[in-house]
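Here the structure is laid out as structure tokens; the discussion comes afterwards.
The values are calculated or read from the model by the stated rules, or taken from the named source; none is laboratory data. Quantities reported herein were computed from a predicted structural model and do not represent experimental measurements. Backbone-built Cβ (ideal geometry, glycine too); neighbour counts: all protein chains shown. Calculation scope for accessible area: heavy atoms of the full protein, side chains included, ligands and nucleic acids excluded. Shrake-Rupley method; radii C 1.70, N 1.55, O 1.52, S 1.80 Å.
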Amino acid sequence: MLAPLRADAAPALRVRRPRQDADLAAWLAHADALHAQTIDMGLERVVKVRDALGLKPGFPLITVAGTNGKGSTCALLASVLGAAGYRVGVYSSPHLLRYNERVRIDGAPVGDAALCAAYARVEGARGHTPLTPFEFGTLAAMCVFAEADLDAAVLEVGLGGRLDAVNAFDADCAIVTSIGIDHVDYLGPTRESIAVEKSGVFRAGRPAICADPEPPVTIAQEAKRLGARLLQSGRDYRVRRDPGDTWTLIRRSGELTGLPLPALAGDVQLHNAGACLMALETLARILPVDAAQIHRGLQQVQLIGRFQRWRRQPGAPEVLLDVAHNPHAAQRLAVTLAQHPVRGRTLAVFAMLRDKDIAGTAQALRDGVDAWFVAGIAERRGASAADMAAALDAAQVQRTVHLCASPLDAYRDAVAAAGPDDRVLVCGSFSTVAAVLRELEAEATAGG
């Protein structure tokens, strides 16, 4: 188990508090400047400020950890609960276009004014405690939720689980989605070590759901050590895809049959949906939902950037956006691509962060991609176009590779090269998808 960094490992920086009329951009910049490190794992700081704020949620909390599938699971939970008439807050990260996407109530991003007020409240309570940007944002989101008369909140873990700021709040039910290799510098090099960190969101005497159909043994070990009531996919419940675009949740209390496929593409979503329904079953006494509400929630769920299909105009190639940014997510994306074939080619717009497994991600996708348009990401952690090309070479990609100046240039070059029967796949990072999504929305606005 990894130890938290020392509290004095990264001292507070001298920064001036924003003015009373500061906008959200000023507050976000202030939070970015408070701490010498963007990531400094440990709960001591956030717990101290949480207590100073008196944050004690009076509504049920569902915490979602895991390597991939967290965003989809949060969206599914919120959609089913929303279909049941509950007022639901969702805290997730990162965002694609606007920071406000991270804090949503009833599916809508919270406005700037509410976020600014929450940031000001956290600033007033923190004293000299040097919060990281994520810690500041987590506390601000909980301040917003505390004022919103919620029936429930769904919290997505940022990194890991045990030492993540979200874990400063006790989950009434915790979900761990899939376990893959990512963030090894913080979570360890194996699925077993990573699972220990993810399982840190479990709580004694409370339900814990594991959606991974092949979980590391450390999931069950940690649940037992912590005293959580574990319900594990493949052992305590399972999902089955049925004919006619339906599926079944098989559990000890009986089968739920004839469930509609979630409105998020890919069979992997059945594992996320199964975990969602198992979690809601454990909370049925305080958040009851019926079959009709489950059906509506599954059919109405929306989440941008997850196998999101965008047809620009008649006769133009389809654009497919997916934030897959590690080999595990790319393997799942490859399966979903194969389940949705096109008559023409698949042209990949591909740019990643340099601390990710670029070669492993490309290798997972290579058999389904006919040409690659790679680019660098112009931010501190971004890989260069040369880095991307070298990684594709290491992955033994045999297809044509085009080097482009930026993800947006790569997208434009791919669209120019694509025919009407082709599709353009945009993937590799949230930054890559966000750049292209802004372009698509601008095109749609200009087109009336």
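Some points to look at:
- For peptides 91-98, 245-252, 58-65, 310-317, sequence by mean Cβ density within 10 Å, most packed first: 58-65, 91-98, 245-252, 310-317
- The range 326-346 and the range 372-441: distance between their alpha carbon centers, rounded to Å: 16
- The range 371-443 shape via C-alpha gyration tensor axes, a/c threshold 1.5: oblate
- Cβ-derived FRET efficiency at R0 56 Å, Glu214 paired with Ala22, nearest 0.05: 0.70
- The calculated FRET efficiency for the pair Glu443 and Ile250, based on their C-beta separation and a Förster distance of 51 Å, comes to about 0.70.
- The mean accessible area for residues of the range 255-380, using a 1.4 Å probe and ignoring ligands and nucleic acids, is 43 Å² per residue.
- Cα pair distances of the chain binned at 10 Å [whole percent]: 4, 21, 30, 28, 15, 2, 0
- Each principal axis of the Cα atoms in the range 242-372 has its own extent, and those three values, largest first, are 51, 39, 24 angstrom.
- Reachable lysines, given that their alpha-carbon falls under 24 Å from the alpha-carbon of Lys48 and they are not under 8 places away in the same chain: Lys56, Lys198
- Computed with a 1.4 Å probe over protein heavy atoms only, the accessible area of Glu214 comes to about 140 Å².
- Computed about the Cα centre, the dipole magnitude for the chain is approximately 660 debye when only Lys and Arg (+1) and Asp and Glu (-1) carry charge, each at its Cβ.
- Looking at the chain, the DSSP beta bridges with both ends there are about 35 percent antiparallel.
- Net charge contributed by nearby residues that have their C-beta within less than 13 Å of Pro216 (K/R +1, D/E -1): -3
- Kyte-Doolittle mean at least -0.5 and Cα axial length at least 27 Å: DSSP H helices in the chain: none
- Test item: Cα-centred dipole of the range 136-255, Lys/Arg +1 and Asp/Glu -1 on Cβ, debye: 640
- Cα lying deepest toward the dipole's positive end in the range 211-360, options Val342, Ser253, Met352, charges on Cβ: Met352
- Only protein atoms count toward the accessible area here, which uses a 1.4 Å probe; on the chain, the carbon and sulfur part of that area reaches 49 percent.
- Charge dipole of the range 287-340 (Cα centre as origin; +1 on each Lys and Arg Cβ, -1 on each Asp and Glu Cβ, all else neutral): 140 debye, rounded to the nearest 20.
- Rg to Rh quotient for the range 192-293, alpha carbon positions, Kirkwood Rh: 0.98
- Inter-part distance where the range 179-225 and the range 106-170 are each reduced to a Cα centre, Å: 24
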